[in-house]
Amino acid sequence: MATFLGRKAAVTLGVLALTLAGGGIAAAAQPSTKSADLAQPAARAVDSQPAVSEESARLSRSLLKKGATPLAGTVTYTVVNANATKARGTGVVIKYGVGQYEVQFPWNVTAGAYVATIGRSDSCCVPPGGEVSVAPRLGTPNGVFIQIRDYDGNPSDRGFYLIVHI
């Protein structure tokens, strides 16, 4: 039994290491606080998020009204195509501009950790390389903001995988 548990732990640790070491991964975590009102810093001019649209604000209120509360340790994912259509997973996708996406969930994710990587939703081909950044969506407690750029630093529409650890 001890050998089985040792192998299981080693495999789990190996999978976690490979997930975090894979190309194009960015992770952001916001420490949990006891305050219900999380004040988020103002966005910078260069890498700022677009203003929250009326559609995004309405959708956020609608999803949060459902009252879903995930258990601690919940992991959810969303696979998104470059044109901002959801291929599979949880969440609602909103596209703001070239390479700018928002994914909203039916619960508060501000205290979560976010991991994203560029990828295709089908089983064909290796996606073009680039960089993906994730952050809590300013003004939307149930949203995650995703910014994708090519290797030259230009915004680029690309498919991606988003994992949220709550």
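The values are calculated or read from the model by the stated rules, or taken from the named source; none is laboratory data. Values in this document were obtained by computation on a predicted structure and should not be read as measured data. All Cβ positions, glycine included, derive from the backbone under ideal geometry; neighbour counts span all protein chains shown.
List of remarks:
Residue-wise test of (1) touching a Phe, Trp or Tyr at 6+ places or on another chain (Cβ under 7 Å); (2) exposed (fewer than 14 other Cβ atoms within 10 Å of the Cβ); (3) over 16 Å from Val92 (Cα atoms); (4) in contact (Cβ under 8 Å) with a residue 12 or more places away in the chain.
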site: Ala116; (1), (2), (3), (4): yes, no, no, yes
site: Ser133; (1), (2), (3), (4): no, no, yes, yes
site: Leu138; (1), (2), (3), (4): no, no, yes, yes
site: Gly143; (1), (2), (3), (4): no, no, no, yes
site: Tyr151; (1), (2), (3), (4): no, yes, yes, yes
site: Asp157; (1), (2), (3), (4): no, no, yes, yes
site: Ile163; (1), (2), (3), (4): yes, no, no, yes
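- Restricting Val144, Val134, Val79 to residues that are assigned to a strand (DSSP E or B) and out of contact with any Lys or Arg (no Cβ under 8 Å at 6 or more places or on another chain) narrows the list to Val134.
- The selection criterion, being buried (at least 18 other Cβ atoms within 10 Å of the Cβ), within 20 Å of Ile166 (Cβ to Cβ) and modelled with pLDDT of 90 or more, holds for Val92.
- Residue list for the stretch 46-66, restricted to those being under 30 Å from Asn154 (Cβ atoms) and at pLDDT 75 or above: Ser48, Gln49, Pro50, Ala51, Val52, Ser53, Glu54, Glu55, Ser56, Ala57, Leu59, Ser60
- Complete set of residues in the stretch 132-144 that are closer than 14 Å to Val115 by Cβ and not aliphatic (A, V, I, L, M): Ser133, Pro136
- From the options Thr140, Thr74, Thr117, Thr85, residue that is of a type in the set (S, T, N, Q) and under 11 Å from the mean Cα position of the chain (by Cα): Thr117
- Qualifying residue in the stretch 65-80 (condition: without any contact (Cβ under 8 Å) to a residue 60 or more places away in the chain, in contact with a Pro (Cβ under 9 Å, 6 or more places away or on another chain) and either buried (at least 20 other Cβ atoms within 10 Å of the Cβ) or at positive phi (or both)): yes
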